[in-house]
Amino acid sequence: MKVYCKKCKMELTGELTPLPGEGMLSDIDKKSCIPVGYYYASKGEVYTDSNGQILVNLGDLVNVKNHTDPSRLNGCCGLDGTDGLNKTCGNGHEVGTEHSDCWMPWAMAFEPTKVFLK
Ligand SMILES: [Zn+2]
């Protein structure tokens, strides 16, 4: 399975398999929330308001870039993701929120309405 932009069908990740169990999620700050090579449909774990979002390791992202609106890119050491979607596909379509600041576990959270898995 890969994640694709719903608008332009651009690939946004490498090949992923479903996370075998939510016990593999980590909530330790500055560590990846989810191992490389997996995706997880969040039921609200780890990140506030993440219910339904698709979590992947930042290392699995392809063709994903920072939002062009700098007000979305706040953070201390990375992106805190508290100001709305901060990542787009290569064509500029909003796809999700990167969480990569020093006070949180790290992951990309794709919006289920803006991407599809295939
Ligand atoms: Zn797109």
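Just so you know, all these numbers are worked out from the coordinates, no wet-lab data involved. A quick note: this is a predicted structure, and the numbers were derived from the prediction, not measured. So basically every Cβ, Gly included, is an ideal-geometry build from the backbone, and we count neighbours across all protein chains shown.
Some observations on this one:
- When each of LYS43, LYS31 is tested for being more than 16 Å from the ligand (Cβ to nearest atom), of a type in the set (Lys, Arg) and in contact with a Ser or Thr (Cβ under 9 Å, 6 or more places away or on another chain), the lone residue that passes is LYS43.
- Pairing residues of segment 85-102 that are in contact (Cβ under 8 Å) with a residue 60 or more places away in the chain with residues that are aromatic (Phe, Trp, Tyr), at Cβ distances under 9 Å and at least 6 apart in sequence or on separate chains, gives CYS89/TYR4; VAL95/PHE110; HIS99/TYR47; HIS99/TRP106.
- If you go through segment 4-17 and keep only what is assigned to a strand (DSSP E or B) and under 19 Å from LYS114 (Cα atoms), you end up with TYR4, CYS5, GLU11, THR13.
- Spans of strands (runs of 3 or more DSSP E) in segment 22-118 with at least 2 residues buried (at least 18 other Cβ atoms within 10 Å of the Cβ): 38-41, 54-56, 87-89, 94-99, 107-110
- Taking the criterion of being within 13 Å of the ligand (Cβ to nearest atom) and touching a Gly at 6+ places or on another chain (Cβ under 6 Å), the only residue of segment 86-106 that qualifies is LYS87.
- When segment 1-18 is limited to residues that are within 10 Å of the ligand (Cβ to nearest atom) and touching a Leu at 6+ places or on another chain (Cβ under 8 Å), the one that is farthest from PRO35 (Cα to Cα) turns out to be CYS5.
- Check on SER50, out of contact with any strand residue (DSSP E or B) (no Cβ under 6 Å at 6 or more places or on another chain) and either of a type in the set (Lys, Arg) or without any contact (Cβ under 8 Å) to a residue 60 or more places away in the chain (or both): no
- Verdict on THR17 being over 23 Å from TRP103 (Cβ atoms), β-branched (Val, Ile, Thr) and under 12 Å from the mean Cα position of the chain (by Cα): no
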